[in-house]
Amino acid sequence: MTTMLLGGLWHGANWTFVAWGGLHGVYLAAERVLRARFANYRPGPLAFVALGLLTYTLVNVTWVFFRAKTFGKAWIVLRAWRARTMPPSRSWQTFSLFSVAAIVGGILLTHWLMRARTLESVIARAPAAAVSMIWALMAFAIIIAQGAGSAFIYFQF
Amino acid sequence: MPSSTSSSDGLRDLAERDARAGMPDRDARQTAADRPGVAQPVPMRPVPAQPWGRILLGTVLLLVLLVAGWEEYWRAYGVRPSIANTFGLWSMQRRRIDAGEGAATVLLGDSRLYFDIHLPVWERLDGRRPIQLSFEGTAPLPALEDLAADPKFTGRLLIGVAPDVFFSGFKFRAAAVGYAHKESPSQRIGQWLSMHFIEPYFAFDDPDYALQTVLARQPWLVRVHQRLPVRKLAMTESDRNTYLWSKLETDPEYRTIVRKIWLNHMQRWDDEPPPAVALKNEKEQIERTAQAVAKLRARGVKVLFVRMPSDGAYLEFENRKYPRARTWDALLAASGVPGIYFADYPELQGYELPEWSHIKHSDAERFTGELYKVIQRDFWGPNAPGVSAKASAAR
């Protein structure tokens, strides 16, 4: 718990970061308790997906505190999750929803496909031309996305 | 496990090859949890056997082709390289004041003062190049208060007044002021590298053509009615000399797009304050401007307001929503400094404004010369009449 609280503080001098770390600590502690209590439990496929989504949702709650500058702003975001409290000017357009779905979906798919193998083993089996093409496409995407700032984040401390 | 037979075969082949080569199992994914009580070993990440030289060559060739194609696509659309209009570029100009050019003429306003005044023309007439600190869609007040608090600035100040931006206190890019004071060495280096090695050569390197921006403006289903994002309007040079992009003159379709964006912005939006609050805000903008101007004048800075030309539906909207008597006249009265209202001067009228808000490039060069002459004749020149007398005469 101490590690997580300090880990939170390491990311920034603000209580919101401590909340981020604290929540992670609470989750890990709860996991230990539940693991000891239900040592023989093996989830079925449905429960497996449901538990994964629950974990994902809980972790997303922590990130609200990581990103928000104040607790007040964090509550605004958390409240907006359960009702459309945002005015139209603050709401997301179709493209934003689509791009988030595509990125999150892509990450999930990659983790699913890669869950039992290493990147090295996949590359070892891939045709050389495919590796070239994927590398070039990734570099191209980075270049044309442009990015807002060129400075490396850890220079900013 | 949904993994296919062939993939399992592949894994086995690989494992056997690794075992022959005396290498650990490549596919093993172990964590500390698999070895309770045993320290985490340094992970082994063997490089897979692949023709890496050929792969790298292929990657570079393909990447060059892709980037060249993307660049060609945007050049065919009419885009040419332009220096990016960043906070870093603004900061470079802001620093000139503290680095010995405190007596310079500073141009501080919104996009109209930014696009419509041509630094080379001004320099030819005046002998000195002004410092351009305007930012599009941004009221000058934050930067004005910053200049007022900087004793090193003792020169002349031309303040642009575009009614909807100035009197609403719209702060699209006002964060530049804070950025300029806190800019880190890595940000400065990044700015320098980008403006010397990337921006002068690549047309596609403009925020309006970033992948996300291009994708977002495709005809998606409209979920909520929102302000349309502003498209690329101008070309910028390394000392922020900026002018309206020629596409606004030559491409009627693009001109229509930009006019539609302005019409869209003129609607009433849910995030705008109610009229009573807006009026109070207007008064506050005027009061704070007057205070900052008083501070500047106290140390000898010559201040002059200028209401740059607008046209068509934009001018109608401004006259309706920000009537001159309530806004411009109140501003001059409160601050006690003179101003140039384009409609009062025949020489500042009759220019072509393709999208109603900014003067086209060639006309803006002529406009700069005319504006400079008016300023010298009536306000700043050695033979200018008493400034306060002209201030009342001009209205």
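The values are calculated or read from the model by the stated rules, or taken from the named source; none is laboratory data. Bear in mind the structure is a predicted one, so any value in this text is a computation, not a measurement. Positions of Cβ are generated from backbone atoms using ideal geometry, with glycine treated the same way; all protein chains shown enter the neighbour counts.
Residue count for the stretch B:359-385 under the criterion of being within 24 Å of the chain's Cα centre (by Cα) and among the hydroxyl-bearing types (Ser, Thr, Tyr): the result is 2. The selection criterion, being more than 13 Å from chain A (Cβ to nearest Cβ), touching a strand residue (DSSP E or B) at 6+ places or on another chain (Cβ under 7 Å), in contact (Cβ under 8 Å) with a residue 12 or more places away in the chain and not in a strand (DSSP E or B), holds for B:Val293. Checked against the criterion of being part of a loop (DSSP other than H, G, I, E, B), over 29 Å from B:Phe202 (Cβ atoms) and in contact (Cβ under 8 Å) with a residue 40 or more places away in the chain, the stretch B:86-100 has no qualifying residue.
Only one of the numbered conditions (1) more than 14 Å from chain B (Cβ to nearest Cβ); (2) within 23 Å of A:His24 (Cβ to Cβ); (3) at pLDDT 90 or above is violated by A:Gly106, and that is (2). Every residue in the stretch A:113-129 that is among the aliphatic types (A, V, I, L, M) and either on the phi > 0 side of the Ramachandran plot or surrounded by 12 or more Cβ atoms within 10 Å (Cβ to Cβ) (or both), please. Selection gives A:Leu113, A:Met114, A:Ala116, A:Val122, A:Ile123, A:Ala124, A:Ala126, A:Ala128, A:Ala129.
Just checking, how many residues over the stretch A:36-85 are of a type in the set (S, T, N, Q) and assigned to a helix (DSSP H, G or I)?
4
Name the single residue that is farthest from the other protein chains (Cβ to nearest Cβ) among those in the stretch A:109-127 being at pLDDT 90 or above and within 16 Å of A:Gly52 (Cβ to Cβ). Selected residue: A:Thr110. Here B:Lys232 passes the criteria (1) surrounded by fewer than 16 Cβ atoms within 10 Å (Cβ to Cβ); (2) within 14 Å of chain A (Cβ to nearest Cβ); (3) of a type in the set (Lys, Arg) except the one numbered (1). Being more than 12 Å from chain A (Cβ to nearest Cβ), out of contact with any Cys (no Cβ under 7 Å at 6 or more places or on another chain) and surrounded by 14 or more Cβ atoms within 10 Å (Cβ to Cβ) holds for only one residue in B:Glu249, B:Glu253, and it is B:Glu249.
Please indicate, with yes or no, whether at least one residue in the stretch B:360-378 is out of contact with any Ser or Thr (no Cβ under 7 Å at 6 or more places or on another chain) and either at pLDDT below 95 or not in a helix (DSSP H, G or I) (or both). Yes, there is a match, as at least one residue in the stretch B:360-378 is out of contact with any Ser or Thr (no Cβ under 7 Å at 6 or more places or on another chain) and either at pLDDT below 95 or not in a helix (DSSP H, G or I) (or both). Selection of the stretch A:119-148 for residues being assigned to a helix (DSSP H, G or I) and not aliphatic (A, V, I, L, M) yields A:Glu120, A:Ser121, A:Arg125, A:Ser132, A:Trp135, A:Phe140.
Identification of helices (runs of 4 or more DSSP H) wholly contained in the stretch B:145-217 with 1 or more residues that are within 14 Å of another protein chain (Cβ to nearest Cβ) and among the hydrophobic types (A, V, I, L, M, F, W, C) yields B:176-182, B:185-197, B:211-216. Listed conditions (1) surrounded by 11 or more Cβ atoms within 10 Å (Cβ to Cβ); (2) facing chain B (nearest Cβ under 10 Å); (3) at pLDDT below 90 are all met by A:Ala139, apart from (3). Apart from one condition, B:Tyr209 fits all of (1) crowded, with 17+ Cβ neighbours inside 10 Å; (2) modelled with pLDDT under 95; the exception is (2).
Is it fair to say B:Glu287 is under 21 Å from B:Arg156 (Cα atoms) and either modelled with pLDDT of 95 or more or out of contact with any strand residue (DSSP E or B) (no Cβ under 9 Å at 6 or more places or on another chain) (or both)? In short, yes.
Residue-by-condition table, conditions (1) modelled with pLDDT under 95; (2) surrounded by fewer than 18 Cβ atoms within 10 Å (Cβ to Cβ); (3) under 24 Å from the mean Cα position of the chain (by Cα):
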site	(1), (2), (3)
B:Thr59	no, no, no
B:Leu62	no, no, no
B:Trp70	no, no, yes
B:Arg75	no, yes, yes
B:Val79	no, no, yes
B:Val106	no, no, yes
B:Ser111	no, no, yes
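Determine, yes or no, whether A:Arg90 is touching an Asp or Glu at 6+ places or on another chain (Cβ under 9 Å) and within 14 Å of another protein chain (Cβ to nearest Cβ). Criteria met by A:Arg90. If you go through the stretch B:48-77 and keep only what is facing another protein chain (nearest Cβ under 7 Å) and assigned to a helix (DSSP H, G or I), you end up with B:Arg54, B:Ile55, B:Gly58, B:Thr59, B:Leu62, B:Leu63, B:Leu66, B:Val67, B:Trp70. Pairing each residue of the stretch A:13-34 that is in a helix (DSSP H, G or I) with any residue that is among the small types (Gly, Ala, Ser), provided the two are 6+ apart or on different chains, yields C-beta distances under 6 Å for A:Thr16/A:Ala68; A:Phe17/A:Gly8; A:Val18/A:Gly8; A:Trp20/A:Gly8; A:Gly21/A:Gly7; A:Gly21/A:Gly8. Checked against (1) hydroxyl-bearing (Ser, Thr, Tyr); (2) within 30 Å of B:Leu62 (Cα to Cα); (3) away from chain B (no Cβ under 14 Å), A:Tyr41 passes all but a single condition, namely (2).
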